[in-house]
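The structure under discussion appears below in the form of structure tokens.
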Amino acid sequence: MSRSARTPRLGLPGWVFLPAVLGALFVVLPLLAMLTRVDWAQFPALVTSESSRAALLLSLRTSAASTVLCVLFGAPMAVVLARTRFRGQSVLRSLVLLPLVLPPVVGGIALLYTFGRRGLLGHTLDVLGLQVAFSTTAVVMAQTFVALPFLVVSLEGALRTGGQRYEEVAATLGARPTTVFLRVTLPLVLPGLASGAVLAFARALGEFGATITFAGSLQGVTRTLPLEIYLQRETDPQAAVALSLVLVVVATTVITVTRRSRVAP
Amino acid sequence: MTRRPHPSRPALVATAVTLALGTVGCGGGSGDSTSKGSPTGSSSREASSTGGGPSGEITVFAAASLKKTFTRIGADFEKAHPGAKVTFSFAGSSDLVAQIQQGAPADVLATADTRNMGRVTAESLTTAPPVVFASNTLEIAVPAGNPAHVSSLADLVQPGVKVVLCAPAVPCGSAATKVEQAAGVDIKPVSEEQSVTDVLGKVSAGEADAGLVYVTDVEGAGDAVQGITFPQSSAAVNSYPIAALKASRNAALADAFVQAVTGAPGQQVLAAAGFAKAP
């Protein structure tokens, strides 16, 4: 009693808990409701069927590939946006972040009219002997398109919060821009880069609209787990529920594992 | 020492949980009531009892492939029945059936196949046995100009011809499997799409060289797509059944709409869109 009187209270106002709990329930309850619909006796058979395994493997492979692409292109994009100033920068940032708010189907249509056979670059790609449509490459492209902004946003935030002091010191000590970037900037924002990559991976894993519009749906080639779930729902709702659970578990595992490894030193 | 700074907090959390569960309970309850009652509310009940032909509001759940024709039939129906209002929900047949089984507000259901309608009649959710009001057959759809020079079903197995089909799990896909068997060909598609719209989209964009879609889809797609008929299409004739639902509180208007679809005015609109008569 005496202790709580002396230390200044920094607690939250009590009423905050009401909407917070309601909000949490709104997210958690549907997941629990899904659990109640899982046919546990059939579960192992449903999730290990050939089509399920093919879809899960394809999802993991393509999401990993698109995460790598997101890091390779997104990190430089974030650095340019955070560390330079030029005319039209805010417009450019809005455009880059557009896939965040765009319905994925729209992204798929846009990709189709760019990289499709009759698209903007389709003819050029055809001459080079590259056919993107209906290939696993198309899946990776669709996932990268929707996931890239997640990485750029996280990393740009980390770069801005981190500030430029250490970079300036390194530059004064004679380090070249490349050295500063690789030895000072990147190590400092590594946690931001990691969380951005995790977000991008999770987004890629859940990608549906752009994939079905741009890449098509064929077992082992373009039919990722979300597409398989949607298709199974047509004939076998039990299988769809079982696979949904697998997707939830995979996504949760990825997020918790990376969070923990970042929190623990 | 272990006392919390805010003794009221656990109580608040408990209140929140109770409230939330209460809300959930209410949600479930109202969901139940909609499955039994009509969503269109009191207005339809009052209006339907005023006499002088059925009026009020109904909601029609119809297969996506019926969008153009049913919108037209609905507009004509509203003209013929002053005071009547028809609202449509267009989606894939299996989606519609799943929604109705979960208590979605619908007065009339029209599906693109008898199998999905069977799932509704199996639960005795219709007022009368469904009536088949139209049928549809498959056609080869190719992009304008027919770049891969497709002229028959056999051409679809040529190497280098990119063919898109519906997945066997969806109605248009099972129809495709039937015609393949009838023709003795084994098409290797580059993609098995979720719906006939997805197949048509890939063809009209020129991504695919050919696809199997319904005659009516080719009719509705305009100049971007050309249709090629083939004799084996008779192996898979798709029937479209319609039925009024027990959940409807405006049974008179629901029945009147079913009659409009199966009768002369509806049949004319359907025939103009390329639908064949009920087999």
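Since every read-out is calculated from the coordinates, none of them should be taken as a lab result. Note that the coordinates shown come from a computational prediction; the quantities given were computed from them, not determined experimentally. Glycine gets a Cβ as well: all are built from the backbone with ideal geometry, and neighbour counts include every protein chain shown.
Couple of notes before you dig in:
- Remark on B:A84: its backbone amide H falls under 5 Å from those of B:G56, a criterion applied only to residues 5 or more positions apart or on other chains, H modelled at 1.01 Å from N.
- For the pair A:Q89 and A:A45, the difference between a 0.36 nm per residue extended length and the Cα-Cα distance amounts to 10.6 nm.
- Of all beta bridges that DSSP places with both ends in the protein assembly as shown, some 55 percent have antiparallel geometry.
- Residue of A:V28, A:V38, A:V248 that the Gaussian network model of chain A assigns the largest fluctuation, springs spanning Cα pairs under 10 Å: A:V28
- B:T126 long-range amide H proximity, modeled H, under 5 Å: B:K246
- Per-residue mean of foreign Cβ neighbours for B:202-214 is 3 (Cβ atoms of other chains, 10 Å radius).
- Comparing A:L95, A:L193, A:L69 in a Gaussian network model of chain A, where Cα atoms under 10 Å apart are tied by springs, the biggest mean-square fluctuation is seen for A:L95.
- Amide H contacts of B:A208: B:V203, each under 5 Å away and 5 or more positions distant or on a separate chain (H built 1.01 Å from N in the peptide plane; Pro and chain starts excluded).
- Mean projected area (nm²) of the alpha-carbon convex hull when the stretch A:45-147 is viewed from all directions: 8.7 nm²
- Karplus-based coupling profile of the stretch B:163-170, in residue order and whole Hz: 10, 10, 10, 7, 5, x, 6, 9, with θ = phi - 60° in 6.51 cos²θ - 1.76 cosθ + 1.60 and x standing for Gly or Pro.
- Cβ-based net charge around B:T69, under 14 Å, with every Lys or Arg adding one and every Asp or Glu removing one: +1
- ³J(HN,Hα), Karplus 6.51/-1.76/1.60, whole Hz, each residue of the stretch A:125-131, x for Gly, Pro: 4, 4, 4, 6, x, 9, 10
- A protection proxy built from the mean count of other Cβ atoms within 10 Å ranks the segments A:166-172, A:229-235, A:184-190, most packed first, as A:229-235, A:184-190, A:166-172.
- Extent along principal axes [Cα atoms of chain A; Å; largest to smallest]: 66, 62, 31
- Here each label is just a point 7 Å from Cα along the line to Cβ, and for B:A224 and B:D76 those points are 2.7 nm apart.
- Comparing A:G220, A:G162, A:G74 in a Gaussian network model of chain A (Cα springs below 10 Å), the most mobile by mean-square fluctuation is A:G162.
- Bridging of B:K162 to lysines at a Cα separation below 27 Å is possible for B:K178, B:K188, B:K202, once same-chain residues fewer than 8 apart are set aside.
- Extension gain, B:A154 to B:V132, is 4.8 nm, computed as 0.36 nm per intervening residue step minus the present C-alpha separation.
- Multiplying the residue separation of A:Y166 and A:V27 by 0.36 nm and removing their Cα-Cα distance gives an extension gain of 45.9 nm.
- Over all distinct Cα-Cα pairs of the protein assembly as shown, the Kirkwood formula returns a hydrodynamic radius of 27.2 Å.
- Mean partner shielding of peptide A:212-221, defined as the number of other chain Cβ atoms within 10 Å of each residue Cβ, is 5.
- Alpha-carbon geometry of the stretch A:62-218: the Rg and the Dmax are 17.5, 56 Å, given in that order.
- Sorted fewest first by neighbouring Cβ atoms within 10 angstrom, B:M117, A:M34 come out as A:M34, B:M117.
- Note that the stretch A:148-158 has calculated 3J(HN,Hα) couplings of 3, x, 4, 5, 4, 4, 4, 6, 4, x, 4 Hz, one per residue in order, obtained from phi through the Karplus relation 6.51 cos²θ - 1.76 cosθ + 1.60 (θ = phi - 60°); glycine and proline are x.
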